[in-house]
Amino acid sequence: MRFASTVLPLAAAVGLASASDCAPATTKGCQALQNGYLSDSLFTTGSPVYNWETKQFWSNTELMSPGCVFRPKNSRDLGRAVKALVKADAKFAVRGGGHMGIQGSNNIDDGVLIVMSNLTTMALSRDHSVLSLGPAYRWGEVYSYLADYDLTVPGGRLGPVGVPGLLLAGGINFYGNQVGFGCNSVINYEVVLANGDVVQANKQTNSDLFWALKGGSSNFGIVTRFDLETIKSTKVWAGAHTVDAQYVDQFLAAVATYAANISDAKSHIVPALVPSASGGSTLASAILFYDSDTVSYPDILKPFTDIPSISSTVGFKTVAEFANELGQMVVPGINDIFVAGTVKGTTYDQLHKGVSIINSTFFNELPKLLAQVPAANISTIQLDWQPIGAKWMDASNARGGNALGLDSSKVYLCYAEVVEWIGSEYDNIVVDWLKATTEAINKATQAAGIYDEFNYMGDSAGFQSIFPGYGAANHRRLQSIASAYDPTQVFQKLMPGGYKVY
Ligand SMILES: Cc1cc2nc3c(=O)[nH]c(=O)nc-3n(C[C@H](O)[C@H](O)[C@H](O)COP(=O)(O)OP(=O)(O)OC[C@H]3O[C@@H](n4cnc5c(N)ncnc54)[C@H](O)[C@@H]3O)c2cc1C
Ligand SMILES: *[C@@H]1O[C@H](CO)[C@@H](O)[C@H](O)[C@H]1NC(C)=O
Ligand SMILES: *[C@@H]1O[C@H](CO)[C@@H](O)[C@H](O)[C@H]1NC(C)=O
Ligand SMILES: *[C@@H]1O[C@H](CO)[C@@H](O)[C@H](O)[C@H]1NC(C)=O
Ligand SMILES: *[C@@H]1O[C@H](CO)[C@@H](O)[C@H](O)[C@H]1NC(C)=O
C-alpha cells in the first residue's frame with residue numbers, strides 16, 4: 001500500500017514531534033483512576049511511560065495531550081477502570097496499534113488515554129488451530145511467533161499495523177480469497193462492556209455482539225482478546241513488482257483483468273500508482289501474493305508479471321518476512337492520511353472504467369496539490385486498489401458473515417488515496433485537496449453508474465462516513481446491538497473517538 005522507498009532517508013531527518021509540555025491537567029477521569037490497585041497502571045504527564053505511550057502513533061497528526069495514560073495489565077482491571085470512568089462521567093480514548101490516522105480517533109486531549117500495550121496474551125490452542133491474541137500486538141510480531149509453527153493468521157499486510165483496530169474494521173489480508181475478512185476468522189472475543197463486565201462473544205454466547213464486532217469497531221466495548229483460527233503456512237510466493245510509467249495503462253488493464261476474474265483463491269494483489277512529487281514519472285507497483293511454496297509466477301498474476309519490471313522482490317518467503325519487507329515502507333514520525341472509496345461492477349469493462357475514472361480524476365487534480373506543497377515536503381503520494389470478489393465474500397459468509405454488508409454478486413474495487421508529508425503547515429491543504437479530489441472521483445463514478453457508498457474503515461479519513469455504506473439494515477442492526485450492550489452510550493459519548501454507529 002505504501003511505496004515510500006525513495007524517501008526512506010527522510011525518516012532519519014525528521015524527528016517525532018513531541019507531545020505538548022503543558023502543565024499536567026488532572027482531569028476527573030485521571031482522578032477517578034487514582035485509587036487502589038488501578039493507580040499502578042496510571043501514568044501522569046511527564047512520566048517516562050506517559051512520554052513513551054503518547055508517542056506510539058503512526059502519523060504525527062494523531063498526537064494529542066491526554067491528561068494521563070492508563071495501561072491495564074488484564075481485562076478485569078480494565079473493567080474496573082471503565083466502571084470508574086463511567087461513574088465519574090469522564091472522557092477517554094482507546095489506542096491499539098495507533099494506525100487509524102485520524103486525530104481524536106484513538107487519542108484525546110485532557111482525558112484518559114487507555115492503551116492496550118500490556119494485554120499481551122499470545123498462545124496457541126493445544127491442537128494449534130486457534131491463536132488467542134491480545135490487542136497489544138502488531139501483525140509483524142504475530143507472524144514471527146507463528147512462523148515457528150508453520151502457521152499464520154489473516155491479518156495486516158504491513159508488519160507495523162496494529163491487531164485490534166484492523167480486526168474491528170474488517171481486516172483485508174493476503175488470504176482473503178480463501179478465508180474472507182480477517183474478522184471472519186475470529187471465533188471468540190473477550191470484551192469489556194460499558195458496565196465493566198468482562199464477557200465472551202462467539203457463535204453461541206452474545207452472538208449479536210459477536211456479529212457486530214466484525215466491522216462495527218469501537219461501538220460496543222473494548223476487546224481484550226481475539227481468538228483467531230490459524231492457517232497452515234510455510235512459505236508463500238510474494239513480492240512487489242514495479243513497472244515503468246510507459247506501462248501504466250497496461251498495468252491498469254491488469255487490475256481490471258484480475259478483478260473481473262479472481263479465479264484462483266490463493267492469490268492476492270495490491271496494485272498502486274505512485275506519482276512523483278517532483279515532476280518525475282509515475283511508477284506502477286503491485287504487491288503480489290500467492291499462497292504456495294512451490295508455484296512461482298502463477299497464471300492468475302501473469303497480467304502483472306508479463307509487464308517488464310524495473311524492480312521486483314518476488315520470491316518464496318514466510319508471511320513474517322513479507323510483512324516485514326512491506327513494513328519497511330512505513331516512514332515513522334511524519335504526517336499521513338488515507339482516504340477510501342469504492343466502485344463496483346461485474347464485467348471487465350465496468351471495472352476498467354472504474355479504475356480509469358479514478359486514475360484520470362486523481363491525476364487531473366494532482367497539480368493543484370503539487371502547486372501548494374513543495375516536493376521536498378511530500379514523502380509519498382499513492383493511489384491503490386483493493387479488489388474484493390465473490391470468493392472473498394463467500395468465504396466470509398461461510399464463517400458467519402460480518403457487518404460490512406457487501407453483496408457477493410458484485411466485485412468491489414475499493415480505492416485508497418494516500419498522502420504523506422512533512423510539516424503540519426500543510427495539514428489543511430492536504431485534507432482540503434483530498435476532500436475535493438475524492439468528491440470529484442465519486443461524482444464521476446456515480447455518473448458512470450459504478451459508484452458504491454462502501455468506504456473501507458481501515459483506509460478512511462475523518463471526513464468520511466462508514467456505517468451508511470454498510471446498508472441501512474446493517475447500520476440499524478449495529479445501532480440496536482450497541483443500545484442493548486451499552487444503553488447509556490458510553491462508547492459514543494464518553495469515548496468519542498473513531499467511527500460511531502450514531
Ligand atoms: C501503514 C498501514 C497499513 C495498513 N494495512 C492494512 C491492511 O493490510 N489491511 C487492513 O485491513 N487494514 C490496513 N490498514 C488499516 C488498519 O486496519 C487501521 O489503521 C486499523 O485501525 C489499525 O489498527 P490499530 O490497532 O493500529 O488502530 P488504532 O488506531 O489503535 O485503533 C483504531 C480504532 O479502534 C479502536 N480500538 C483500538 N483497540 C481497540 C480495542 N481493543 N477494543 C475496542 N476498540 C479498539 C480505537 O479507539 C480506534 O478508534 C493499514 C493502515 C496503515 C496505516
Ligand atoms: C507493559 O508494556 C510496556 C511496553 O511494551 C513494557 O515495557 C512493560 O514491561 C509492560 N509491563 C508489564 C507489567 O507487562
Ligand atoms: C480466468 O483466469 C484463469 C486463470 O488465469 C484463466 O485460465 C481463465 O481463462 C480466465 N477466464 C476468463 C473468462 O478470462
Ligand atoms: C491514467 O492517468 C494518466 C495521467 O492522466 C493517463 O496518462 C493515462 O492514460 C490514464 N490511464 C487510464 C487507463 O485511465
Ligand atoms: C519541509 O520539509 C523539510 C524536510 O524535507 C523540513 O525541514 C521543513 O521544516 C518542512 N517545511 C515545513 C514548513 O514544515
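The values are calculated or read from the model by the stated rules, or taken from the named source; none is laboratory data. This one's a predicted model, so the numbers in the text were calculated from it and none came from an experiment. Cβ atoms come from the backbone with ideal geometry, glycine included; neighbour counts cover every protein chain shown. Please note that ligands, DNA and RNA were not included when accessible areas were found on the heavy atoms of the full protein model with its side chains. Shrake-Rupley method; radii C 1.70, N 1.55, O 1.52, S 1.80 Å.
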inquiry  = Can you tell me which condition ALA240 does not meet? The list is (1) surrounded by 22 or more Cβ atoms within 10 Å (Cβ to Cβ); (2) part of a strand (DSSP E or B); (3) of a type in the set (Gly, Ala, Ser), and all the others hold.
reply    = (1)
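Could you please give the count of residues in region 339-393 that are assigned to a helix (DSSP H, G or I) and open to solvent by 50 Å² or more (accessible area, probe 1.4 Å)?
Initially, region 339-393 is screened for residues assigned to a helix (DSSP H, G or I), giving 348-370, 375-377, 390-393.
Still in the running and open to solvent by 50 Å² or more (accessible area, probe 1.4 Å): 348-350, 352-353, 360, 363-364, 367-368, 370, 376, 391.
Of the residues in region 339-393, 13 are assigned to a helix (DSSP H, G or I) and open to solvent by 50 Å² or more (accessible area, probe 1.4 Å).
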query = Exactly one of (1) within 16 Å of ligand 3 (Cβ to nearest atom); (2) more than 30 Å from TRP421 (Cβ to Cβ); (3) within 22 Å of the chain's Cα centre (by Cα) is unmet by ILE269. Its number?
reply = (2)
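Just one of ASP110, ASP127, ASP148 is out of contact with any Leu (no Cβ under 8 Å at 6 or more places or on another chain), farther than 26 Å from THR234 by Cβ and open to solvent by 30 Å² or more (accessible area, probe 1.4 Å); which is it? Quick ask: steps written out before the conclusion?
Working: ASP127 fails: farther than 26 Å from THR234 by Cβ; ASP148 fails: farther than 26 Å from THR234 by Cβ.
Testing whether each residue is out of contact with any Leu (no Cβ under 8 Å at 6 or more places or on another chain), farther than 26 Å from THR234 by Cβ and open to solvent by 30 Å² or more (accessible area, probe 1.4 Å) leaves just ASP110.
Only residues that are crowded, with 17+ Cβ neighbours inside 10 Å and within 16 Å of ligand 4 (Cβ to nearest atom): list them for region 445-458, please.
Selection gives THR445, ILE450.
Just to be sure before I move on: is VAL270 modelled with pLDDT of 95 or more, open to solvent by 20 Å² or more (accessible area, probe 1.4 Å) and assigned by TED's automatic domain parsing to the domain that holds GLN350 in the structure I sent? Let's see the steps before the verdict.
Values: modelled with pLDDT of 95 or more: yes; open to solvent by 20 Å² or more (accessible area, probe 1.4 Å): no; assigned by TED's automatic domain parsing to the domain that holds GLN350: yes.
Against the criterion (modelled with pLDDT of 95 or more, open to solvent by 20 Å² or more (accessible area, probe 1.4 Å) and assigned by TED's automatic domain parsing to the domain that holds GLN350), VAL270 does not qualify.
Can you tell which of GLY341, GLY354 is more than 16 Å from ligand 2 (Cβ to nearest atom) and within 22 Å of PRO303 (Cβ to Cβ)? Explain how you work it out, then say what you get.
Numbers: GLY341 fails: within 22 Å of PRO303 (Cβ to Cβ).
One residue alone meets the criteria, GLY354.
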remark   = Of the residues in region 52-72, those that are within 16 Å of ligand 2 (Cβ to nearest atom) and more than 25 Å from the chain's Cα centre (by Cα) number 1
inquiry  = I'm checking my understanding of the structure. Among residues of region 39-59 that are closer than 22 Å to GLY97 by Cβ and open to solvent by 30 Å² or more (accessible area, probe 1.4 Å), which one is nearest to ligand 1 (Cβ to nearest atom)?
reply    = GLN56
ask   = Is it fair to say THR224 is crowded, with 18+ Cβ neighbours inside 10 Å and within 16 Å of ligand 2 (Cβ to nearest atom)?
value = yes
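Just to verify a result, which residue in region 142-172, among those that are in a loop (DSSP other than H, G, I, E, B) and in contact with a Ser or Thr (Cβ under 7 Å, 6 or more places away or on another chain), is farthest from ALA461 (Cα to Cα)? Spell out how you get there, then give the answer.
Here is the first cut: in region 142-172, the residues in a loop (DSSP other than H, G, I, E, B) are 148-150, 153-161, 170-172.
Those left that are additionally in contact with a Ser or Thr (Cβ under 7 Å, 6 or more places away or on another chain): 150, 153-154.
On the way: ASP150: 36, VAL153: 27, PRO154: 24 Å.
So, considering only residues that are in a loop (DSSP other than H, G, I, E, B) and in contact with a Ser or Thr (Cβ under 7 Å, 6 or more places away or on another chain), the one farthest from ALA461 (Cα to Cα) is ASP150.
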request  = Could you run through region 173-196 and say how many residues are open to solvent by less than 10 Å² (accessible area, probe 1.4 Å), in contact with a Lys or Arg (Cβ under 6 Å, 6 or more places away or on another chain) and assigned to a strand (DSSP E or B)?
outcome  = 0
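Taking into account only those residues within region 310-333 that are assigned to a loop (DSSP other than H, G, I, E, B) and in contact with a Ser or Thr (Cβ under 6 Å, 6 or more places away or on another chain), which is farthest from ligand 4 (Cβ to nearest atom)? Even if it seems obvious, please write down each step before you answer.
Filtering region 310-333 for residues assigned to a loop (DSSP other than H, G, I, E, B) gives 310, 313-314, 318, 328-333.
From the residues that got through so far, the ones that are in contact with a Ser or Thr (Cβ under 6 Å, 6 or more places away or on another chain) too are 310, 331.
On the way: ILE310: 18, VAL331: 25 Å.
The selected residue is VAL331.
I'd like to know if region 95-111 contains one or more residues that are of a type outside the set (D, E, K, R), within 16 Å of ligand 2 (Cβ to nearest atom) and out of contact with any helix residue (DSSP H, G or I) (no Cβ under 7 Å at 6 or more places or on another chain).
Step one: list which residues in region 95-111 are of a type outside the set (D, E, K, R), which gives 96-108, 111.
Those left that are additionally within 16 Å of ligand 2 (Cβ to nearest atom): 96-98.
Filter once more, so that each one left must be out of contact with any helix residue (DSSP H, G or I) (no Cβ under 7 Å at 6 or more places or on another chain): none.
Taking every residue of region 95-111 in turn, none turns out to be of a type outside the set (D, E, K, R), within 16 Å of ligand 2 (Cβ to nearest atom) and out of contact with any helix residue (DSSP H, G or I) (no Cβ under 7 Å at 6 or more places or on another chain).
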inquiry  = Please go through region 411-431 and give me each residue that is surrounded by 18 or more Cβ atoms within 10 Å (Cβ to Cβ) and outside any helix (DSSP H, G or I), ordered by number.
reply    = VAL411, TYR412, LEU413, CYS414, TYR415, ALA416, GLU417, VAL418, VAL419, GLU420, TRP421, ILE422
ask   = Exactly one of (1) in a strand (DSSP E or B); (2) over 20 Å from PHE454 (Cα atoms); (3) open to solvent by 30 Å² or more (accessible area, probe 1.4 Å) is unmet by ASP336. Its number?
value = (3)
query = Is at least one residue of region 450-458 hydrophobic (A, V, I, L, M, F, W, C), under 16 Å from the mean Cα position of the chain (by Cα) and either in a helix (DSSP H, G or I) or modelled with pLDDT under 95 (or both)?
reply = yes
message = Here's a check for you: in region 96-116, which residue that is out of contact with any strand residue (DSSP E or B) (no Cβ under 6 Å at 6 or more places or on another chain) and either of a type in the set (Val, Ile, Thr) or farther than 28 Å from VAL419 by Cα (or both) is farthest from ligand 5 (Cβ to nearest atom)?
response = ASP110
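Conditions (1) hydrophobic (A, V, I, L, M, F, W, C); (2) in the same structural domain as VAL192 (by TED's automatic domain parsing), marked per residue:
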{"position": "LYS83", "(1), (2)": "no, no"}
{"position": "PHE92", "(1), (2)": "yes, no"}
{"position": "ASN106", "(1), (2)": "no, no"}
{"position": "VAL130", "(1), (2)": "yes, yes"}
{"position": "ALA136", "(1), (2)": "yes, yes"}
{"position": "ARG157", "(1), (2)": "no, yes"}
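From the list GLY216, GLY162, GLY171, GLY182, which residue is on the phi > 0 side of the Ramachandran plot, at pLDDT 95 or above and not charged (D, E, K, R)?
On the way: GLY216 fails: on the phi > 0 side of the Ramachandran plot; GLY162 fails: on the phi > 0 side of the Ramachandran plot; GLY182 fails: on the phi > 0 side of the Ramachandran plot.
None of the others qualify; the one that does is GLY171.
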